[in-house]
Amino acid sequence: MTGSPAADGPYDLLLLATGDDVAVAVRDLAAGPWRTSDGRVLRTTGPLRLGHKVAVRAIAAGEHVVRSGMSIGSTTAPVAAGDWVHTHNLRSDYIVTFAHRGGEE
C-alpha cells in the first residue's frame, strides 16, 4: 500500500460532499493516519484500496450512509470512524428496478 502520511502533502481521502459519512481513498492506503480533502486527519483501522470507502464518523447499525450528499444504503452492523465501508457492513436500500420493468421479483 502506498500513500503519504497525513502530515505530508495533499489529501488521501476524498469527501465528495459536505456532510458525507464516508470518504473515498484516492490511492491504496495502509492502516494509519491520513488527511481528508477537508483538512481533517482520519486514522483508518485497516488497509484501503483505491476507490474504497471509509467511515469518517461512527455509524450505528441500521443507519443510512451518505456519500455524495445522498444515501447509498444502510449499515448492517456498527461501523467505527476509520473502518472500511463495503458489502460486509452495508446493504443497498435501492428498489430492485428490474422487478418494476416486468422482471421476476
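Within segment 36-55, none of the residues are among the aliphatic types (A, V, I, L, M), more than 18 Å from Leu16 (Cα to Cα) and part of a loop (DSSP other than H, G, I, E, B).
Counting residues in segment 4-13 that are under 12 Å from the mean Cα position of the chain (by Cα) and not aromatic (Phe, Trp, Tyr) gives one or more. Restricting segment 56-67 to residues that are assigned to a loop (DSSP other than H, G, I, E, B) and not basic (Lys, Arg), the residue that is surrounded by the most Cβ atoms within 10 Å (Cβ to Cβ) is Val56. Scanning segment 68-78 for residues that are closer than 17 Å to His88 by Cα, part of a strand (DSSP E or B) and not hydroxyl-bearing (Ser, Thr, Tyr) yields Ile72, Gly73. Every test in (1) at pLDDT below 95; (2) open to solvent by 30 Å² or more (accessible area, probe 1.4 Å); (3) over 25 Å from Asp93 (Cβ atoms) is passed by Ser4 save one, and that test is (2). When Asp28, Asp21 are checked against the criterion of being open to solvent by less than 20 Å² (accessible area, probe 1.4 Å) and out of contact with any helix residue (DSSP H, G or I) (no Cβ under 8 Å at 6 or more places or on another chain), a single residue qualifies: Asp21.
The values are calculated or read from the model by the stated rules, or taken from the named source; none is laboratory data. Just so we're clear, the structure is a prediction, and the values are computed from it rather than from any experiment. Positions of Cβ are generated from backbone atoms using ideal geometry, with glycine treated the same way; all protein chains shown enter the neighbour counts. SASA here: full protein model, heavy atoms, side chains in, ligands and nucleic acids out. Shrake-Rupley method; radii C 1.70, N 1.55, O 1.52, S 1.80 Å.
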